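Here is the structure we will look at, set down as structure tokens.
The values are calculated or read from the model by the stated rules, or taken from the named source; none is laboratory data. It should be emphasised that the depicted structure is a prediction, and the values quoted were computed from it without experimental measurement. Counting neighbours? That spans all protein chains shown, and the Cβs are built from the backbone with ideal geometry, glycine included. Only protein heavy atoms, including side chains, enter the accessible area calculation; ligands, DNA and RNA are left aside. Shrake-Rupley method; radii C 1.70, N 1.55, O 1.52, S 1.80 Å.
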Amino acid sequence: MKFGVVIFPGSNCDQDVIQVLERVSNKPVARLWHKDHDLQSCDFIVLPGGFSYGDYLRSGAIARFSPIMQEVIGHANKGGYVMGICNGFQILTEAGLLPGALLRNTEQKFICRNVHIRPETTDLLPTRRLEKGKAYQVPIAHGEGRFYADADTLQRIKDQDQVMFRYCNSHAAIAPDTNCNGSIESIAGISNEGRNVFGMMPHPERAADPDLGNMDGLLIFESLLEAVPA
Amino acid sequence: MKFTAEIDIMPRPELLDPQGKAVMLGLEHLGLNQVADVRIGKHIRLNLEAENEQAAQEKVEQACKKLLANLIMESYTFELTPA
């Protein structure tokens, strides 16, 4: 499995993701510049967090038209793996690779703190090594992370087991005050129907280094290795 | 021909608009209690060239649908005038 991380103007979590992926996979991770058209034969593409194009117009709206996104969309449509974290998630919804949209947080504020999330399924690549019913502490840092989908879309997402994470408390229980940004049904991460494109607002790459005192995010990256065909 | 498009983009009515809510609170503090609702959108002005009005109309539609508005959360209207 070869990982590649796309770097947009304004990405700021690219180095963090690259470091974690190089550590877990023991292989160099490709840096994919947004102006390139070459995915360098990567199997797994990550769109990192940040503020691509200054988040102008809407978060992710302009990055979605970056040259490399044509290739990323083609890769996803062929069944290739793509994962978006934070701004990456916003870009994937703008590109139509994931359903729904990410709106301004209910409280209007940019929220930067540790929250808990729980996996809703272990039948998605990033959650394969996680435990259902367990809370994982992962930081969030976003102003526009309120997941929204219309009623029909939401029903489809749930029926097809595409909800990857929900916000919860440290005991994995969901309460009104655990829904930090007002997301519909506390949804923090989803997949597409094909189960090869993933998006999440929390930052597991910021919770994957012993020096940072929180390793809960590491399991998500280790889960990705389970797809290794060779 | 040169045209100007004045585009308004608004959050869909069924969606909570926290920005509008915050501004409404400000208006109340200003003493304007008669204001019943505030919704905040965007105004975008495009200057463009097209062969005729219909072609200009199509270009603006495409700009709105593909980039300027996200139809999951927003709707758009525009007025086109020859510049």
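Listed values, structure above:
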{"item": "Only one of B:2, B:42 that is more than 14 Å from chain A (Cβ to nearest Cβ) and open to solvent by 50 Å² or more (accessible area, probe 1.4 Å)", "result": "B:2"}
{"item": "Number of the exception - residue A:81 against (1) more than 30 Å from residue B:63 (Cβ to Cβ); (2) of a type in the set (Phe, Trp, Tyr); (3) buried (at least 23 other Cβ atoms within 10 Å of the Cβ)", "result": "(3)"}
{"item": "Test set (1) within 14 Å of chain B (Cβ to nearest Cβ); (2) open to solvent by 10 Å² or more (accessible area, probe 1.4 Å) - residue A:27 fails condition number", "result": "(1)"}
{"item": "Matching residues in the range A:158-198 - criterion: being in contact with a Cys (Cβ under 6 Å, 6 or more places away or on another chain) and not polar (S, T, N, Q)", "result": "A:167, A:174"}
{"item": "Tally, over the range B:10-39, of residues that are open to solvent by 80 Å² or more (accessible area, probe 1.4 Å) and not acidic (Asp, Glu)", "result": "8"}
{"item": "Enumeration of residues in the range A:43-65 that are touching a residue at least 40 places away in the same chain (Cβ under 8 Å), surrounded by fewer than 23 Cβ atoms within 10 Å (Cβ to Cβ) and assigned to a loop (DSSP other than H, G, I, E, B)", "result": "A:43, A:51"}
{"item": "Residues located in the range B:48-83, provided they are among the polar types (S, T, N, Q) and within 14 Å of another protein chain (Cβ to nearest Cβ)", "result": "B:62, B:70, B:75"}
{"item": "Failed item in (1) part of a strand (DSSP E or B); (2) open to solvent by 40 Å² or more (accessible area, probe 1.4 Å); (3) polar (S, T, N, Q), with residue B:54 passing the rest", "result": "(1)"}
{"item": "Condition broken by residue A:25, with the remaining ones in (1) within 18 Å of the chain's Cα centre (by Cα); (2) on the phi < 0 side of the Ramachandran plot satisfied", "result": "(1)"}
{"item": "Conditions (1) closer than 30 Å to residue A:66 by Cα; (2) part of a strand (DSSP E or B); number of the one not met by residue B:81", "result": "(1)"}
{"item": "Subset of the range A:103-117 [open to solvent by less than 60 Å² (accessible area, probe 1.4 Å) and in a strand (DSSP E or B)]", "result": "A:103, A:111, A:115, A:116, A:117"}
{"item": "Residue count for the range A:96-132, restricted to those that are out of contact with any helix residue (DSSP H, G or I) (no Cβ under 7 Å at 6 or more places or on another chain), within 12 Å of another protein chain (Cβ to nearest Cβ) and free of Cβ contacts under 8 Å to residues at least 40 places away in the same chain", "result": "2"}
{"item": "Residue match in the range A:70-84 (condition: within 14 Å of another protein chain (Cβ to nearest Cβ), acidic (Asp, Glu) and within 21 Å of residue A:194 (Cα to Cα))", "result": "no"}
{"item": "Tally, over the range A:66-92, of residues that are among the basic types (Lys, Arg) and in a helix (DSSP H, G or I)", "result": "0"}
